[in-house]
Every structure is written in C-alpha cells, then in structure tokens.
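To start, the structure under review is shown below, and the notes come after it.
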Amino acid sequence: MKRKYILFAAIMILIIFSLFMTHLKYNILERSQFGELNFTVTPEKTRIQEGEVFQIHLTLTNVGENTINVWRMYEQVSYDIFFFNLDGSMVPYECGVLSRLPLTDEDLVELSLGESINSTFDSTCWNLEKGEYTLSAIYDTTSSPYEDIKKPHWIGRIISNNVTVIVE
C-alpha cells in the first residue's frame, strides 16, 4: 500500500514538473525574436608591451532582414571577453563577478537592419605576460527566462571573431 502512495506521488510530481517545463518552453518561444546578428571584437592594438592597458571594442550588428530587440552590451551580463594562451588554456579573469538584478524591457535596444551597438572595455582584468594570445568574446542572452523582460527579443549565443594579440 505504501508503494502505491509513493508511486502516485512520483507521478504527480512528474506531471507538475512537465506542466511547468511546457509553460516555460512556450513562454520563451513567445518572447523570442528571430534575426541574424554579427558580433566582432577589435582590440585597440594587436601588439602591446607587457603591462600595457589597451581598449577592446565590441560591436553587435543586425545583419538579418528583421528589426529585432537585443540586450544592451553589459560586460558579464550580455557579453564576456576571453584571452586564450597558445595551448588553449584561458587566461584568468581577475576582476571578480558582478552581482546584478534581472534585466527589464529598459535594457533592450531595437536594432534595424545594418544598425549596431558598441561597447568598449579595457584589458586591466587580465594579466597578460609576454607571449601570444587569442582574444575572443561571446554575446549570450540564453539566461532570458531568469530576466524580467516582457518584450519579444533575440535569444541566443554568438561567438565573435578571434584576434591574435602579441605581448612583447
């Protein structure tokens, strides 16, 4: 008799979980916009001196046919920048992790065909010793279900181009 109650409880939990996941899936689809974006990273310089701080420019461009809403460019929220050693290991990010509130509709930017948004960050968060590095960035809005955005917007992940940076 006890097994029947346990089995019944397990089935009920599974049904409730399935209903929640179905609602979450459709909620994401309702808010998702389709579009094609291009994400580029451009360092101020590709040859620097050890300890030199340089600017890193990021550009997100709508290259699709539709006007879409995208997240503003916020470091550690909508994008992350990475430096990789020649062996493929990541150079540690030394500025810590931000604590933040969920994004809202105010954090969206409408991009028409050919329009871009930009962000500039500097290299102070990485200790780049002499050597050769690959610089890249990721624009990622896949945490969307955890945000407070109600308007339809682009949900996805784009990896930028790779740029070689040489520290002398």
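Considering only region 91-133, how many residues are in a strand (DSSP E or B) and not small (G, A, S)? Quick ask: steps written out before the conclusion?
Step one: of region 91-133, the residues in a strand (DSSP E or B) are 104, 108-111, 116-122, 131-133.
Adding the requirement that they be not small (G, A, S) leaves 104, 108-111, 117-118, 120-122, 132-133.
So the count comes out to 12.
What are the residues in region 68-82 that are part of a loop (DSSP other than H, G, I, E, B) and either in contact with a Gly (Cβ under 8 Å, 6 or more places away or on another chain) or crowded, with 17+ Cβ neighbours inside 10 Å (or both), if any? Reasoning before the result, please.
Here is the first cut: in region 68-82, the ones part of a loop (DSSP other than H, G, I, E, B) are 72-74, 76-78.
Residues satisfying the conditions are M73, V77, S78.
Checking K150 against (1) closer than 16 Å to F83 by Cα; (2) in a loop (DSSP other than H, G, I, E, B); (3) charged (D, E, K, R): exactly one of these is not met. Which one?
Here K150 meets the rest and fails (1).
For residues that are more than 24 Å from N127 (Cβ to Cβ) and in contact with a helix residue (DSSP H, G or I) (Cβ under 8 Å, 6 or more places away or on another chain), tally how many sit in region 41-95.
Selection size over region 41-95: 2.
So which pairs qualify, if the first residue must be in region 48-68 and assigned by TED's automatic domain parsing to the domain that holds D80 and among the polar types (S, T, N, Q), the second must be at pLDDT below 95 and surrounded by 15 or more Cβ atoms within 10 Å (Cβ to Cβ), the Cβ gap must be under 6 Å, and the two must be at least 6 apart or on different chains?
N66/G35
The values are calculated or read from the model by the stated rules, or taken from the named source; none is laboratory data. Since this is a predicted model, take the numbers as computed values, not measurements. Cβ atoms come from the backbone with ideal geometry, glycine included; neighbour counts cover every protein chain shown.
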